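Take a look at the structure set out below.
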Amino acid sequence: MSITPEQLRYCESHEWAYVADESSGIATIGISAFAVAELTDLVFMALPKMGQTVTAGSEFGEVESVKAVSPLYSPVSGTVVEVHSALVDKLDSLNVDPYDEGWIIKVKMSDPLELNRLLNWDAYQKQCSH
Amino acid sequence: MSSQLSATPLHAWHHAHGARMAEFANYEMPIQYKGIVAEHHATRTAAGVFDISHMGRLRFDGPRADQLLDHLLTRKVLDMQTGQVRYSLVCNENGGILDDVLVSCLESPSGKNYFLLVVNASNRAKIVQWLQPHLADFPDVEFHDVTDATAMIAVQGPKALEICRPLLPASALSLGYYRAKVTEQMSKPCIVSRTGYTGEDGFELIIKSEDAPRVWENIMMAGRELGVQPVGLGARDTLRLEAGMPLYGHELDEAIDPYQAGLGFACNLKDRSFVGRDALEQKSKLVTLPKRVGLILDGRRAARQGAEVLDADSRVIGQVTSGSFSPTLDKPIAMAYLEPAIAVDGTPLNIDIRGTCVSARIVPYTFYKRALSL
């Protein structure tokens, strides 16, 4: 797949969600380039397990920089169906591409309408420029 | 806490150079420019320049200034020679640590000796207030808080000397470790000391506020070809942690005594009388209090201040006071206070990091020691 930031939906807390195929009901979740730049010097990421339930707006993992620990909030509710475990060992790749290569989990959504509550690219850009 | 934040004389420079700013001890300070790890490595391999103007600078003039300070500091002051710097603690009557400081014995251009106390930014107001009754006992000692009138810049790293070579007189460049001198930086009055808080060789400069931007630019220019980087408080913290240096509010506070902190060397009890002395004498004999240790953790995740340290039976045996990912060791490191029976190098234990148990082992807290070049 090839994801561009314009296609994504965003949380105010800088996570993104992308639905490649609406009929699958599966959202791919990651964090934005803005978040990666803000965090800097990432050293660790704690990920959920397969089958774990996540809730929109609730913590599903954490990312740690040299400076601090930041929670990761899920943009959508559902069940974790895939975890990008290899990412933990190549957090540097988030600096290069936080979208395609930098996806974190995939979630089978329990309520796809939650996507409508997320920010589109323009609105998210505005938020980041504040 | 609605009071407006103070700014150092270099505030505009930090802003103009993309620093991420945050509040520290009521100052708006640069936390990082390029990033903590890049700035940390620059300091270890070349040199870092730090705006440390937020540190408190207190000046004591008069023939009895040494007696006043000798009465207030755990370290002997009466025998200090001109040009000498000492690390000391300020303790309360109970032997609890009020602050850790550097005291310098300096000679002004007019040939008079005076003392300078550099205190933690977060403790400056407390120390100044605490000084008042003691100053009243020494009415002939002139006291000035010169923090706002001055700025302080640290140049630290293996290239610090080379960078300072075109900027400072030979007499300042040849200062030994923990020596200081009143001199000039390109005709601007300047106190230079061979001190620092990074574990590297280097200098700390105190200049007039209005001269600070010029002196800072001079250092940046002189160091450009040598890889100098501006360094924020983020890397200042990782650098001092690797060097095993305590930070007030983390390893030190009023409930901790110097012996627990491994700072017994800074307490000269013999044939002296100073605030807290008798309490310290008692404490020096106690062997049951938690003591400061270093920890190296497995994995990549750092334990932060307040994380609980557990023994093999999951019993809480202490708490982490500082922790971070160490850029030099490429591992998470921490300092903690542990029960003395357990605080033995090599002992394996666990740390509770927000509900996850991470294994760790006790090591000397000097995680990093630079190779000494003679």
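The values are calculated or read from the model by the stated rules, or taken from the named source; none is laboratory data. Because the structure is a prediction, the values reported are computed rather than measured. For neighbour counting, all protein chains shown are included, and Cβ atoms are generated from backbone atoms with ideal geometry for every residue, glycine included.
Data overview
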{"item": "Residue in the range B:273-294 that is more than 12 Å from chain A (Cβ to nearest Cβ), touching a strand residue (DSSP E or B) at 6+ places or on another chain (Cβ under 9 Å), over 20 Å from B:Cys91 (Cβ atoms) and in contact (Cβ under 8 Å) with a residue 12 or more places away in the chain present", "result": "yes"}
{"item": "Conditions (1) on the phi < 0 side of the Ramachandran plot; (2) away from chain A (no Cβ under 14 Å); (3) at pLDDT below 95: number failed by B:Arg301", "result": "(2)"}
{"item": "Condition check for B:Ser110: closer than 25 Å to B:Thr183 by Cβ and touching a residue at least 40 places away in the same chain (Cβ under 8 Å)", "result": "no"}
{"item": "B:Val85 being in contact with a Lys or Arg (Cβ under 7 Å, 6 or more places away or on another chain) and either within 14 Å of chain A (Cβ to nearest Cβ) or closer than 30 Å to B:Phe367 by Cβ (or both)", "result": "yes"}
{"item": "Test result for B:Glu281, modelled with pLDDT of 95 or more, more than 24 Å from the chain's Cα centre (by Cα) and not assigned by TED's automatic domain parsing to the domain that holds B:Pro364", "result": "yes"}
{"item": "A:Ser13 being part of a loop (DSSP other than H, G, I, E, B) and of a type in the set (S, T, N, Q)", "result": "yes"}
{"item": "Within the range B:193-227, tally of residues that are closer than 16 Å to B:Thr8 by Cβ, surrounded by 20 or more Cβ atoms within 10 Å (Cβ to Cβ) and either in the same structural domain as B:Phe115 (by TED's automatic domain parsing) or among the polar types (S, T, N, Q) (or both)", "result": "0"}
{"item": "Single unsatisfied condition, B:Gly176 versus (1) within 24 Å of B:Met29 (Cα to Cα); (2) out of contact with any His (no Cβ under 7 Å at 6 or more places or on another chain)", "result": "(1)"}
{"item": "Yes/no for A:Ser65 being farther than 15 Å from A:Glu15 by Cα, of a type in the set (Ser, Thr, Tyr) and either within 14 Å of chain B (Cβ to nearest Cβ) or surrounded by fewer than 14 Cβ atoms within 10 Å (Cβ to Cβ) (or both)", "result": "yes"}
{"item": "Selection within the range A:63-107 - in a strand (DSSP E or B) and among the β-branched types (Val, Ile, Thr)", "result": "A:Val63, A:Val69, A:Thr79, A:Val80, A:Val81, A:Val83, A:Ile105, A:Val107"}
{"item": "Of all residues making up the range B:30-59, the number that are closer than 24 Å to B:Asp99 by Cβ and either within 14 Å of chain A (Cβ to nearest Cβ) or surrounded by fewer than 16 Cβ atoms within 10 Å (Cβ to Cβ) (or both)", "result": "2"}
{"item": "Of the criteria (1) part of a strand (DSSP E or B); (2) surrounded by 15 or more Cβ atoms within 10 Å (Cβ to Cβ), which one B:Cys357 fails", "result": "(2)"}
{"item": "A:Gly78 being crowded, with 19+ Cβ neighbours inside 10 Å, within 13 Å of chain B (Cβ to nearest Cβ) and closer than 23 Å to A:Arg117 by Cα", "result": "no"}
{"item": "Failed item, numbered, when A:Tyr73 is tested on (1) within 13 Å of chain B (Cβ to nearest Cβ); (2) touching a residue at least 40 places away in the same chain (Cβ under 8 Å)", "result": "(1)"}
{"item": "Number of positions in the range B:329-351 that are at pLDDT 95 or above and either buried (at least 22 other Cβ atoms within 10 Å of the Cβ) or more than 14 Å from chain A (Cβ to nearest Cβ) (or both)", "result": "10"}
{"item": "Yes/no for B:Ser88 being crowded, with 21+ Cβ neighbours inside 10 Å, in contact (Cβ under 8 Å) with a residue 12 or more places away in the chain and within 15 Å of B:Leu269 (Cα to Cα)", "result": "yes"}
{"item": "Restricting the range B:306-328 to residues that are over 27 Å from A:Val63 (Cβ atoms) and not in a loop (DSSP other than H, G, I, E, B), the residue that is farthest from the other protein chains (Cβ to nearest Cβ)", "result": "B:Ile317"}
{"item": "Some residue of the range B:232-253 being of a type in the set (Gly, Ala, Ser), in contact with a Cys (Cβ under 7 Å, 6 or more places away or on another chain) and within 30 Å of B:Ala343 (Cβ to Cβ)", "result": "no"}
{"item": "Search result, residues across the range B:250-272 that are of a type in the set (A, V, I, L, M) and either in a helix (DSSP H, G or I) or within 14 Å of another protein chain (Cβ to nearest Cβ) (or both)", "result": "B:Ala266"}
{"item": "Residues of the range A:25-62 satisfying the condition of being in a strand (DSSP E or B), away from chain B (no Cβ under 11 Å) and surrounded by fewer than 17 Cβ atoms within 10 Å (Cβ to Cβ)", "result": "A:Thr53"}
{"item": "Residue in the range B:228-249 that is surrounded by fewer than 16 Cβ atoms within 10 Å (Cβ to Cβ), in a loop (DSSP other than H, G, I, E, B) and more than 14 Å from every other protein chain (Cβ to nearest Cβ) present", "result": "yes"}
{"item": "Hey, B:Cys105 in contact with a helix residue (DSSP H, G or I) (Cβ under 8 Å, 6 or more places away or on another chain) and closer than 30 Å to B:Ser174 by Cβ or not", "result": "yes"}
{"item": "Answer residue from the range B:119-162, given it is β-branched (Val, Ile, Thr) and either closer than 23 Å to B:Arg64 by Cα or modelled with pLDDT under 95 (or both) and is surrounded by the most Cβ atoms within 10 Å (Cβ to Cβ) among those", "result": "B:Val119"}
{"item": "So B:Arg179, is it surrounded by 23 or more Cβ atoms within 10 Å (Cβ to Cβ), basic (Lys, Arg) and either under 25 Å from B:Ala266 (Cα atoms) or within 14 Å of chain A (Cβ to nearest Cβ) (or both)", "result": "no"}
